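Written below as structure tokens is the structure these notes are about.
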Amino acid sequence: MSMTDSDWYAALARPSRTASTVLLGLGLWIILLSLVNIIDGAFYGEKVLWFEFLTNGSFDDISAPHNGIEITSDDLLFGLVGVAFSGVGIMGLRSAGVQLAQISSSLSGLFSSELGIRKTIADWMIVVGIIFYMAWSVQEGTWVDPGVFAVSVVPFAFGIGLNLLDSAEA
């Protein structure tokens with residue numbers, strides 16, 4: 001029996017819909033952060049130096065003054081990581097048989113309770129978490145504040161968890 005004929009190899013080679021969706025969402029978020037950092041600065045109007053930020057300032061300061069629209073190597077590398085994550089997520093969703101139009105229907109419980117009240121609550125929790133993060137970031141001018149992550153992740157994660165619970169029971 002060859003390695004490609006075994007079940008475990010087929011499971012490893014076939015991407016998961018959940019993992020692909022997470023990669024797509026993470027990639028789009030990274031692209032958004034990169035664009036905000038290039039245009040306006042993602043840390044109280046200052047430009048985030050992504051390598052330093054992700055290593056907690058191990059080598060230098062995590063931010064620098066924002067001197068207009070300029071692209072640094074950190075922005076370019078971080079943006080490319082976002083594009084790569086998004087691309088892998090899209091490829092995984094396509095190979096799992098998901099059409100990109102079906103992704104928008106994943107929050108189908110927002111305005112209808114036909115799928116149950118738990119689905120409606122879950123979808124609204126996801127939206128509330130995203131809106132809170134976006135509104136706070138725009139208002140305060142910081143897109144990388146750990147406090148806003150800590151607050152917005154709670155409704156977002158509970159919404160994801162309730163949706164996963166619904167799909168597991170179906």
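The values are calculated or read from the model by the stated rules, or taken from the named source; none is laboratory data. Source: prediction; values computed, not measured. FYI the Cβ positions are ideal-geometry reconstructions off the backbone, even for glycines, and counts take in every protein chain you see.
Mind checking which pairs have a first residue in segment 151-170 that is under 14 Å from residue 121 (Cβ atoms) and a second that is modelled with pLDDT of 90 or more, Cβ under 6 Å, 6 or more apart or different chains? From residues that are under 14 Å from residue 121 (Cβ atoms), the pairs are 155/125; 155/128; 155/129; 156/126; 156/129; 158/125; 159/125; 159/126. Within segment 111-126, residues that are touching a residue at least 24 places away in the same chain (Cβ under 8 Å) reach partners that are of a type in the set (Phe, Trp, Tyr) with beta carbons closer than 8 Å, at six or more positions or on different chains, in the pairs 122/158; 125/156; 125/158; 126/156.
Within the option set 145, 123, being at pLDDT below 90, farther than 19 Å from residue 27 by Cα and under 19 Å from the mean Cα position of the chain (by Cα) holds for one residue only, 123. Residues of segment 119-165 that are of a type in the set (Asp, Glu) and over 20 Å from residue 19 (Cα atoms): 140, 145.
Here residue 60 passes the criteria (1) without any contact (Cβ under 8 Å) to a residue 12 or more places away in the chain; (2) more than 23 Å from residue 35 (Cα to Cα); (3) in contact with a Leu (Cβ under 9 Å, 6 or more places away or on another chain) except the one numbered (2).
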